[in-house]
Structure formats: C-alpha cells, structure tokens
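The values are calculated or read from the model by the stated rules, or taken from the named source; none is laboratory data. What you see is a predicted model, and the numbers here were worked out from it, not measured in a lab. Here the Cβ positions follow ideal geometry from the backbone for every residue, glycine too, while neighbour counts run over all protein chains shown.
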Amino acid sequence: MLIVDRVSKKFNVNGKEKIAVDNVSVKIKKGETVCIVGPNGAGKTTTVKICSGFVSPDSGNVYYDSISLLNRKKYLEKISVLFEGIRSINWALTPLENMEYLSGLRGIKKNKKDIEKYIEMFELGDYKNQQCNSLSRGNQQKVAIACCLCLETDAVFMDEPTLGLDMEISHKIIKILKTYAQTNKKIFVITTHDSDFIEEIADKVLIIEKGKIMFEGSCEEFKAVQNTNTFKEAYLKYRGVL
Ligand SMILES: Nc1ncnc2c1ncn2[C@@H]1O[C@H](COP(=O)(O)OP(=O)(O)O)[C@@H](O)[C@H]1O
Ligand SMILES: [Mg+2]
C-alpha cells in the first residue's frame, strides 16, 4: 500500500509563499490505478515529485508498505516515474539501448527477452534499433513509458503520459496501460487532463485544487454526485463551467 500522509509543500515565488500541496493524504492499495485530476497549477506534478523523491515535502511523509520516503534507497526501489515530456529518454540511444541503460542505472539487470516483451507491447519492433532522436513524438513517448514499465516496480507514477500525442497514439497507449494495469497488480498514479483516459483506467479519481484534495472516489461516484453521464461533464459541472 502507498500511503501519502499529510504532505504539504510551499514554494517561495518572488518573496511570496505559494502553497503547491496542502495537507494531502491518500491511501492507494496494490492493484489500484488512481488518476490525479485538476486545473493547471493545482499541485499534481508537485505531488508526484514528492512521492517519487524529486522534491522534499515541508511536512508529512510518504510510505510504501511501511518503507518511509526518508529511507530513500529502499523506498525508491519500489517506484518508477515518468514526467511529462520525453526528456527521460536518451536521444542518442535506441529504444532497446534506452531500456538497458535506464534499468542499468537503477541497478536492475534486464535480459534481452525481458526488454523485447516491452518492445512488442508498445509495437516498437520496427524502431527498436533506431536512435530515438529520429523517432516520431508518439514513438518517443512509447519508449519513455516502456522504459518506466520495464523496471517492473511495485508503484508507477506517470505525469501526463498522453500529453501532446495524436488521438490514435493516445488511444493505443491508454489501451496498453489499461491491459498492463489489469494484468499486473501494481499501483498506478497518473496525472492527466484526458477524460477518456480517466474513464477508461481510473479505479479512483483524486480531484486536486490549490493543493487540496477536493474529491476522492470512483468515476461512477463522481458522475453520480454531479448527475452527469460522462466524467468530462461531471468535472466541468463541478468546476462551474457547464
Ligand atoms: N520549483 C518551483 N518553484 C516555484 N513554484 C513552483 C515550483 N514548482 C511548482 N510551483 C508552483 O506550485 C504550484 C503547483 O504546481 P504543479 O504541481 O506543477 O501543478 P500542476 O501539475 O497541477 O499543474 C503552481 O502554482 C506552480 O507555479
Ligand atoms: Mg503538472
């Protein structure tokens, strides 16, 4: 279980304090996929950065199966993370090399067969030996996600994994992630603005505004509360723009 326990984070911007994450607590069970939703600047990325050890919280703590975030080495072994954009992959390397290299950096030995499984899953066979700088944006993103999944950690954080992708690639990636989440008992925490993605994959939705959790529950519960048919309508109604 991933436990986020009363986590807060402020930033100092031009001498002014800005609360990015405000006393966020949540428990996520093994096998659960959680989507973090909210307007730009709500604190979604900062929450993911805290849970993945990139930003230290001012207060509060995060635990994976009682391993504290402060026990960095042990905690980080349990998680992998993908940030928005495709900076996480090495442009000079091929998809195969990226997976070998990135898992090597984490001290995870992968054999060719393990890696080929992810190449196949993401339909990257035709490109597996091509430098990533020559791939399309969609295939680069597939490589970035494959690199994150191939670590096979217990918890996976993804910050806007379908950002900027065309509808077709986005659809394919959503399907792959859904199948993967259903067949592997892991924790997935995904930030996204894509309402189809949320409806497709989320067991639980966290709506965050100004760093605070405003709603925690399933898509169905949120739609029932807002009395709408789709998550998009429910969210827009909740935000007062429908
Ligand atoms: N490194 C930083 N320095 C100063 N302010 C930051 C920093 N990172 C995030 N913020 C601020 O914290 C708030 C939350 O940002 P973020 O977590 O990126 O939101 P989201 O991902 O929901 O769009 C925003 O107001 C943002 O400007
Ligand atoms: Mg963000």
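Only helices (runs of 4 or more DSSP H) whose full extent lies in the stretch 165-242 are considered here, and the ones with at least 1 residues that are buried (at least 18 other Cβ atoms within 10 Å of the Cβ) and either under 18 Å from the mean Cα position of the chain (by Cα) or among the basic types (Lys, Arg) (or both) are 167-183, 195-201, 219-226.
Among the numbered criteria (1) closer than 19 Å to ASP159 by Cα; (2) touching a Phe, Trp or Tyr at 6+ places or on another chain (Cβ under 8 Å), which one does GLY31 miss? Status for GLY31: all satisfied but (2).
For the stretch 188-227, give me the residue count where each residue is within 14 Å of ligand 1 (Cβ to nearest atom) and on the phi < 0 side of the Ramachandran plot.
In the first step, residues of the stretch 188-227 are kept if they are within 14 Å of ligand 1 (Cβ to nearest atom); the result is 189-193, 206-214.
Imposing the further condition that a residue be on the phi < 0 side of the Ramachandran plot reduces the set to 189-193, 206-209, 212-214.
The qualifying residues number 12.
Counting residues in the stretch 77-98 that are within 16 Å of ligand 2 (Cβ to nearest atom) and of a type in the set (Asp, Glu) gives one or more.
With the stretch 1-114 as the region, which helices (runs of 4 or more DSSP H) entirely inside it contain at least 3 residues that are buried (at least 20 other Cβ atoms within 10 Å of the Cβ)?
Values: elements: 44-51, 72-77, 95-105.
Ranges flagged: 44-51, 95-105.
When you look at PHE122, is it aromatic (Phe, Trp, Tyr), under 20 Å from the mean Cα position of the chain (by Cα) and more than 16 Å from ligand 1 (Cβ to nearest atom), yes or no? Against the criterion (aromatic (Phe, Trp, Tyr), under 20 Å from the mean Cα position of the chain (by Cα) and more than 16 Å from ligand 1 (Cβ to nearest atom)), PHE122 qualifies. Please determine, by comparing only the residues of the stretch 44-98 that are of a type in the set (A, V, I, L, M, F, W, C), at pLDDT 95 or above and within 16 Å of ligand 1 (Cβ to nearest atom), which one is nearest to GLU160 (Cα to Cα). Among those that are of a type in the set (A, V, I, L, M, F, W, C), at pLDDT 95 or above and within 16 Å of ligand 1 (Cβ to nearest atom), it is LEU82. Please enumerate the residues belonging to the stretch 118-140 that are more than 17 Å from LEU93 (Cα to Cα) and exposed (fewer than 14 other Cβ atoms within 10 Å of the Cβ). Within the stretch 118-140, GLU120, GLU123 qualify.
In the stretch 150-157, the condition of being free of Cβ contacts under 8 Å to residues at least 40 places away in the same chain and within 16 Å of ligand 1 (Cβ to nearest atom) is met by no residue. Looking at VAL37, VAL4, VAL24, just one residue is touching a strand residue (DSSP E or B) at 6+ places or on another chain (Cβ under 9 Å), at pLDDT 95 or above, away from ligand 2 (no atom under 16 Å from the Cβ) and among the aliphatic types (A, V, I, L, M), and that residue is VAL4.
Pairs linking a residue in the stretch 7-20 that is farther than 12 Å from ASP58 by Cα to a residue that is assigned to a strand (DSSP E or B) and within 8 Å of ligand 1 (Cβ to nearest atom), with Cβ atoms under 6 Å and 6 or more positions apart or on different chains, are LYS18/PHE11.
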